[in-house]
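Only one structure is covered here, and it is reproduced in the block below.
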Amino acid sequence: MAGAWLLLWGALALGSRAETAFLRRADDSTGRCTYSFTVASPVEAGCPDGGGVPELRAELAALAARLSRLESRERGAGGSGPRGAEAGGVRDPQHPAPAARLEAAYGELLRAKSRLEEEKGRLEREKEELGRRLESSAQEIARLRATRCPPGGEGPGRGALRAPGKGRCRAPRWDPQPLAYQELQSERTEVPASRLLEETALGRLGSEDSAGCGELVWVGEPVVFGRADSIAGKYGVWMKDPEPVAPFTRETTWRVDTVGTEVRQLFQYEAPEQLARGYPAKVHILPRPLESTGAVVYRGGLFFQPRRSRAVARYDLRGETITAEREIPGAGFHGQYPYSWGGYTDIDLAVDETGLWVIYSTEKARGAIVLSKLDPETLEIQRTWETNIRKRGVANSFVICGTLYTVSSYSAPNATVNFAYDTATSTSRALSIPFENRFRYLSMVDYNPAERQLFAWDSFNMVTYPVRLSRA
């Protein structure tokens, strides 16, 4: 104990010459009480190899350098500190913040979703329409199967039909009236050559019976009269007046190029030679733009469908004003019930030996062709017939002697006149009269009763077809 106190006094004496000494008393690991003194060195400022301090300082220096590089990189990306724009920096617009990029991507996804929903709605509407058509076709097929004779039954053999109310079978005969849509069936009728020659002679222009009416039996090859020289004439309408009013004559030719949204120009040619050269005698500017290729010229007036309407208008060619206009009740327009080639051909006007006609369809008719006779002065509907020929299923149509005829295709080179609807008997029948689409894009066909020819527009080309009619 005395030795401990001596050591303490020595340490205090040492501390008086240097720094203050510290006495510490604590139990050691064995439980014994020990005393420790801490005295600062009077000569050394630091201890060499002092417990790994240099390694610690080197590590701290490395961390400081790394932190400096990270701060420099953040400032280069648009920030002015560890948090960039959040610390007050301005971000480069070419490198938007992640939040801005996510917001832009989210907006694009919303727009894509909206487009997909619109497309889904359109497809669902088409699906519903197709379902209705398939249901109608299935019902018709079931009806036909119910009337067909069973195998081995009495009758002429396969394909025979059971006569209504009778137990025997009869040979099949074209009976279009019960069918939902007539284009579902067709038949080819063989005609003896002697009979065809007889009918051809009767129908030849200039014969004693040429002024009379009859059934269409033949359509000749197309003859080109002129060609449009611009894209506006890819499809159009050209015509002559079968009953002209002075100063116009039967040689006066009219033409409209119908490609465009504001079709107002009606070209007047005094003779076919002017049309062939492409130099009109006059250009009429219509007060209303017309729609598509359904116009006709008759008794001194241009009859046409004004754009985006279900109306028919009469433009007086002498007075150059619209003298009559009337809506066709329920008629589809602007792409609702066009012909198969499209072109907004919902309302088509026609002229024959009996007067002025309008060809169209309605929702009530479910897309089938509706034919109405019009008063050429007032445009009042005089009578209407609803056919069973689906309008979208044919390429075009025309009227001869009160009978509606349809063309099977606007692009097939070897098309046919495939159906006829007789307004006198309100009956229809299938035909197979060859019809040539020489230029593969038939957008207009009309009958001229004065010349007994079809006028047509076939991919920039204005053509005529000679026709022959049988004895009425």
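Tabulated data
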read-out	value
Any hit, segment 240-255, residues being at pLDDT 95 or above and over 17 Å from Arg299 (Cβ atoms)	yes
Selected residue (criterion: nearest to the chain's Cα centre (by Cα)) from residues of segment 269-303 that are free of Cβ contacts under 8 Å to residues at least 40 places away in the same chain and in a strand (DSSP E or B)	Leu290
One residue from Gly220, Gly212, Gly278, Gly233 being surrounded by 17 or more Cβ atoms within 10 Å (Cβ to Cβ) and of a type in the set (Gly, Ala, Ser)	Gly233
Subset of segment 269-279 (residues that are closer than 20 Å to Phe460 by Cβ and either aliphatic (A, V, I, L, M) or modelled with pLDDT of 95 or more (or both))	Tyr269, Leu275, Ala276
Members of segment 317-347 that are free of Cβ contacts under 8 Å to residues at least 40 places away in the same chain, part of a strand (DSSP E or B) and either touching a Ser or Thr at 6+ places or on another chain (Cβ under 8 Å) or charged (D, E, K, R) (or both)	Glu327, Ala331
First in segment 407-426 and charged (D, E, K, R), second anywhere and assigned to a strand (DSSP E or B), Cβ under 7 Å, 6 or more apart	Asp422/Thr403
Test set (1) open to solvent by 10 Å² or more (accessible area, probe 1.4 Å); (2) of a type in the set (Ser, Thr, Tyr); (3) under 25 Å from the mean Cα position of the chain (by Cα) - Ser361 fails condition number	(1)
Candidate set: segment 387-406, residues that are under 17 Å from Asp352 (Cα atoms) and either part of a loop (DSSP other than H, G, I, E, B) or hydrophobic (A, V, I, L, M, F, W, C) (or both); chosen: the one most open to solvent (accessible area, probe 1.4 Å)	Cys401
Qualifying positions in segment 304-325 - more than 28 Å from the chain's Cα centre (by Cα) and buried (at least 17 other Cβ atoms within 10 Å of the Cβ)	Arg314, Tyr315, Leu317, Ile322, Ala324
Residues being under 22 Å from Val256 (Cβ atoms) and open to solvent by 20 Å² or more (accessible area, probe 1.4 Å) - total across segment 412-458	8
Number of the exception - Ala350 against (1) surrounded by 16 or more Cβ atoms within 10 Å (Cβ to Cβ); (2) in a loop (DSSP other than H, G, I, E, B)	(2)
Residues satisfying the stated conditions in segment 209-261, i.e. farther than 24 Å from Thr403 by Cβ and hydrophobic (A, V, I, L, M, F, W, C)	Val224, Phe225, Ala228, Ile231, Ala232, Val245, Ala246, Phe248, Trp254, Val256, Val259
Members of segment 364-386 that are in a strand (DSSP E or B), under 25 Å from Asp241 (Cβ atoms) and either without any contact (Cβ under 8 Å) to a residue 24 or more places away in the chain or open to solvent by 10 Å² or more (accessible area, probe 1.4 Å) (or both)	Lys373, Ile381, Gln382, Arg383
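So that you can scan it fast, the table gives a plain yes or no per residue for (1) modelled with pLDDT under 75; (2) of a type in the set (A, V, I, L, M); (3) over 60 Å from the mean Cα position of the chain (by Cα):
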| residue | (1), (2), (3) |
| --- | --- |
| Ala45 | yes, yes, yes |
| Gly50 | yes, no, yes |
| Gly78 | yes, no, no |
| Gly84 | yes, no, no |
| Lys113 | no, no, no |
| Gly121 | no, no, no |
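The values are calculated or read from the model by the stated rules, or taken from the named source; none is laboratory data. Source: prediction; values computed, not measured. Neighbour counts are summed over all protein chains in view; Cβ atoms, including those assigned to glycine, are modelled from backbone coordinates with ideal geometry. What goes into the accessible areas is simple: the full protein's heavy atoms, side chains included, and nothing from ligands, DNA or RNA. Shrake-Rupley method; radii C 1.70, N 1.55, O 1.52, S 1.80 Å.
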